[in-house]
Every structure is written in C-alpha cells, then in structure tokens.
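A short write-up of the structure that comes next.
Throughout, read-outs are computed from the coordinates displayed, never taken from laboratory work. Everything numeric here is computed off the predicted structure, so don't read it as measured data. All Cβ positions, even for glycine, are placed from backbone atoms using ideal geometry, and neighbour counts span all protein chains on display.
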Amino acid sequence: MQHNNSAKLAAFDIDGTLSTGVLSLALLEELVKRGLFSGQVLRFLQGIENDYAQGKLGREEMSELWLQTYLKEMTGKDSEQYVLAAQKVWETAKANTFSFVKPLLNELNNSGFTTLVISASPKEIVSCFCQDNYFSAERFRATSVKVDELGKYSGEAEIVLSLAKHKLEQLNDLVEKLYPEKQIDWENSLAMGDSFSDVEMLRAMGKPIVMKEANRTENDLVRIAKEKGWTVVDENNALEKITALIAE
C-alpha cells in the first residue's frame with residue numbers, strides 16, 4: 001500500500017527499450033557528416049565495441065576507453081552545433097520510438113508514477129526524446145560533457161552513464177533531488193531496460209522489466225531476467241504486460 005508521503009517511480013532506458021536503434025550512433029554519424037566529429041575516431045569507437053562483443057575487452061575497460069576517446073574528440077567543439085545536429089537526427093529518429101511508449105507513459109502517470117529516463121546516450125539527443133515524450137529536464141539523466149563560458153565542450157565529463165553502477169548512482173541522485181522529503185516506494189516502483197548496463201537499476205526496483213525486441217537474440221540481461229523471474233516484454237506485448245504488472 002502506498003502512503004501519501006511516498007513516491008512510486010518508473011525509470012527507463014531509451015535505446016533498445018523505448019526506441020529501436022542507437023541514438024548515440026545516429027548522432028555521431030550526423031556529426032561526422034557535418035565535420036564536427038572525426039570519421040576515423042568513430043570507426044575506432046565502433047572497433048572498441050566489436051572487441052568487447054568478441055570478448056577481447058572487458059566491459060569496464062571498453063567503457064572507459066570509449067568515454068576517454070569520445071571526450072578527447074569533443075574538446076573545443078561548439079556545443080550549440082552539437083545540439084543542432086541532434087535536433088536534425090531526431091526528426092528522423094523519433095519514428096523509431098515504439099508505439100507502446102506514449103500510451104504506457106500516460107497509464108503510468110495516471111496511476112501515480114513519476115516517470116524518469118536514465119540513458120547512456122548523449123544528453124543532446126536524449127533531450128530531444130524527452131521533450132517529445134513530456135519528460136521535464138529534472139526527470140532525466142544522460143551522458144553529458146561540461147561546457148565552458150564560451151559554449152565549447154571542455155573535454156571533462158559532467159555525467160557518466162556507461163556502466164550499470166553509474167546508472168544506479170544517477171537514479172539515486174536524481175530521486176534525492178526530486179523528492180528530498182519523501183520516501184520512495186521501491187517495492188512498487190519499476191524500471192525497464194534492455195542491456196546489462198541497466199541491471200543495477202532493475203535490481204533496485206520491486207518490478208524490474210527487461211525489453212527484448214522480437215527480432216533480437218537473447219542477451220545477458222534477458223538470461224538474468226529469466227533466472228530471477230523478472231518480467232520480459234517485447235515491443236508487441238509491452239503495454240499489455242506492464243499495465244497488468246502495475247495493477248497487481
């Protein structure tokens with residue numbers, strides 16, 4: 001039973017969870033087209049990801065190398081140009097948002113949940129998703145780089161979300177700022193993600209949900225979900241299953 005002084009949360013990843021495709025990749029490709037990001041660096045980043053997929057790099061090693069390479073390439077670039085590129089990408093990428101998203105968010109809001117986004121994609125493109133789906137600025141966290149007084153990226157990370165522990169840390173920090181005087185009803189809160197980087201955020205909630213797109217093979221997170229009895233959904237049954245879950 002939820003008390004008046006407690007809050008229920010619904011925290012979401014984006015890529016592969018609420019949208020098909022990878023927003024960060026789409027943004028980087030657009031930046032390369034605009035001469036704002038090196039194509040050689042992008043190929044290096046993709047190579048790092050392939051090495052991780054083949055077991056040549058560990059998860060933390062891959063994430064740290066990816067982040068440091070990304071930050072170095074962004075240093076000194078005009079942040080406003082990145083925002084404009086993100087807006088251009090979103091014009092096309094918004095069509096990749098799953099059809100269940102808006103009715104699910106409406107259902108959660110009507111059921112008293114505070115909906116949140118915790119995404120490892122860059123803040124510039126995540127902001128576009130959040131504006132389109134009515135997440136106010138204080139209700140999302142995304143990878144972000146500090147900007148200096150001239151509007152240039154400093155090369156220093158402001159928020160890092162590449163690992164599972166980062167997502168849980170940012171979720172807790174966001175919630176403390178949103179509800180400094182309220183208790184959180186963790187048992188009746190939910191989180192939804194699609195990859196291992198979401199696992200700690202899912203473990204924190206009483207109603208963890210794992211997204212597996214219908215045409216994709218099982219990954220580590222789906223296998224963990226099956227072992228633990230967590231809810232597994234796809235883009236076709238997510239609305240029905242999650243609506244039933246929150247009604248329990």
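Points worth noting:
- Each Lys or Arg adds one and each Asp or Glu takes one away; over the other residues whose Cβ falls under 13 Å from the Cβ of L105, this sums to 0.
- Beta bridges by DSSP in region 6-247, antiparallel share as percent, to the nearest 5: 20 percent
- Counted without the sites themselves, the longest stretch of the chain free of trypsin sites (Lys or Arg not before Pro) in a DSSP loop having at most 16 other beta carbon atoms within 10 Å is 57-181.
- Sorted largest first, the principal axis extents computed over the alpha-carbon atoms of region 45-204 equal 43, 36, 34 Å.
- Between I159 and S111, the FRET efficiency estimated from the beta carbon spacing at R0 = 35 angstrom works out to 0.75.
- Put a dot 7 Å past the Cα of K102, heading toward its Cβ, do the same for R34, and the two dots end up 2.6 nm apart.
- Over all other residues within a Cβ to Cβ distance under 15 Å of D51, the charged ones net out to -1, with Lys and Arg as +1 and Asp and Glu as -1.
- Computed from label points 7 Å out along Cα-Cβ, the spacing between E240 and D173 is 4.1 nm.
- Estimated from helical segments only, the mean residue ellipticity of the chain at 222 nm is -14500 deg cm²/dmol, where each DSSP H run of four or more residues counts as -39500 (n - 2.57).
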